[in-house]
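The values are calculated or read from the model by the stated rules, or taken from the named source; none is laboratory data. Keep in mind that this is a model prediction, so the values were computed, not measured. In this analysis, Cβ positions are derived from the backbone assuming ideal geometry, glycine residues included, and neighbour counts consider all displayed protein chains. Calculation scope for accessible area: heavy atoms of the full protein, side chains included, ligands and nucleic acids excluded. Shrake-Rupley method; radii C 1.70, N 1.55, O 1.52, S 1.80 Å.
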Amino acid sequence: MTLSIEDPHMAHTPGRAELQTRFSAFKARGLAIDMTRGKPCAAQVALSDPMLDMPGVGGHTTAEGFDARNYYGSALGLLEARTLFATMLGAPPEQVAIANNSSLALMHDMVVYALLHGVLDGSQPWRAGPVKFLCPVPGYDRHFAICEAYGIEMVPVPMTGSGPDMAVVEALVRDPQVRGMWCVPMYSNPTGETYSPDVVERLARMKTGAPDFRLFWDNAYAVHHLTDTEHTLPNILERCSLAGHANRPLVFGSMSKITFAGGGLGLFASSPSNIRWYARHAGVRSIGPDKLNQLRHVRLLRDHAGLRAHMTKHRAIIAPKFALVEASLQRRIGGRGVATWSRPDGGYFVSLQVQDGCAARVVALARELGIALVPAGRTYPLGLDPRDSNLRLAPTFPELADIEAAMEGICLSILLASTEGRGA
Ligand code: PMP
């Protein structure tokens, strides 16, 4: 392990008394730093500021010649927006739907449509019996919250570093009550891992007990690279179609971490039949999505190359923050046996694995130091991490100086917690 001369305290393994002294000194700094949610920082959202003046007075006519100020006769969105995002979603424009500001809302609504009306290939609404979802863990807390809200039983599946453990998945999906599975296939939230081609192929081919089983393929970080090692993913729509399960994947995308968080677009791609299924239900819920916001996105990004160029600007802003987290963890706790962590090539999070039984304590100690971390367990269904060991760091929002301070406090908290005899 390399030790930096910037941090002379760490040149030896400090004892509990020394850690407590340093803890008190740190506390006296009275910091208030938020490392909880994966929010873009001000410089990131500013990249899309030109959209604030779009489409502009007189700019309301779409490429197809419609007036975007008025009702538009499709629940699926403007063709030019569907075309813009087709490459990112891996589907032809006809199989893409553009929704309003939240992909999570889109996923929520699909779950509700399935519960109330059922999906294609099924004979009954899901609510007719018990419903279970497979939940790769650690995972995205808001996926789990949807299941919790609607009484869907969550079955955790361990992640392996290249996606979920497929032997476990293949065994569990034989249960006909298992109707869905949450997947964040690229730069997964929070572990940063990308599903391997083998995992994707097995998900496409696997035999499910339920004929109407659905993969909720939340590809929220599809273009969010942090390094030159750009991960790629087999096309799930094509793989499933070739395996004879064309309706299995529901593919989602989000503009929240591309343009304006919570003010972007929710994106959906699926088989032609699933798109019709969606349009039928979405058309009951709303006359149609906000076309002006779609126009803004088209005019800012133009095409897939424009989208990629925009993401390069995001990378320039946030990659140094991830590098700082990595350097700080390495320098302060590397090689001490108190934690391991992810080194993501993309996405928004660093996943930190502390000693069993220590995660909640680390969060509590960090809170005393003025550092807000997401509550321990949040990355597990019902907030229950059976080992109490996973923590999620979100370094995009704070400034570099705050990240440096936060990492010092977090590492101090980890070291202190590990001296408390909580390790299992
Ligand atoms: N999916 C994942 C995996 C996320 O991390 C997030 C948070 N940005 C979302 C969905 C929510 O996106 P949206 O703002 O489009 O609802």
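Is it the case that R332 is among the charged types (D, E, K, R), open to solvent by less than 20 Å² (accessible area, probe 1.4 Å) and in contact (Cβ under 8 Å) with a residue 60 or more places away in the chain?
So R332 fits the description; yes.
Regarding segment 144-154, can at least one residue be identified that is touching a helix residue (DSSP H, G or I) at 6+ places or on another chain (Cβ under 9 Å), part of a helix (DSSP H, G or I), closer than 24 Å to N101 by Cβ and among the charged types (D, E, K, R)?
Yes, the conditions are met somewhere in segment 144-154.
If you take the residues in segment 283-296 that are assigned to a helix (DSSP H, G or I) and more than 16 Å from the ligand (Cβ to nearest atom), which one is most open to solvent (accessible area, probe 1.4 Å)?
Per the stated criteria, the residue is R285.
Only one of these conditions is not met by L393: (1) under 15 Å from S328 (Cβ atoms); (2) away from the ligand (no atom under 16 Å from the Cβ). Which number is it?
All conditions are met except number (2).
Residue by residue, here is whether (1) closer than 19 Å to F252 by Cβ; (2) outside the structural domain of T208 (by TED's automatic domain parsing); (3) outside any strand (DSSP E or B) holds:
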{"site": "P156", "(1), (2), (3)": "no, no, no"}
{"site": "A167", "(1), (2), (3)": "no, no, yes"}
{"site": "E170", "(1), (2), (3)": "no, no, yes"}
{"site": "P176", "(1), (2), (3)": "no, no, yes"}
{"site": "G180", "(1), (2), (3)": "yes, no, no"}
{"site": "P185", "(1), (2), (3)": "yes, no, yes"}
{"site": "P190", "(1), (2), (3)": "yes, no, yes"}
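Return the residues of segment 231-267 that are of a type in the set (S, T, N, Q) and more than 15 Å from the ligand (Cβ to nearest atom); say none if nothing qualifies.
Selection gives T232, N235, S241, N247.
Can you name the residue in segment 87-122 that is under 20 Å from the mean Cα position of the chain (by Cα) and away from the ligand (no atom under 16 Å from the Cβ) and is also farthest from Q294 (Cα to Cα) among such residues?
G90
Identify all residues within segment 344-389 that are touching a helix residue (DSSP H, G or I) at 6+ places or on another chain (Cβ under 6 Å), away from the ligand (no atom under 16 Å from the Cβ) and closer than 23 Å to H224 by Cα; write none if there are none.
Correct list: L373 only.
If you go through segment 13-23 one residue at a time, do you hit one that is in a loop (DSSP other than H, G, I, E, B), at pLDDT below 95 and either open to solvent by 70 Å² or more (accessible area, probe 1.4 Å) or in the same structural domain as S271 (by TED's automatic domain parsing) (or both)?
yes
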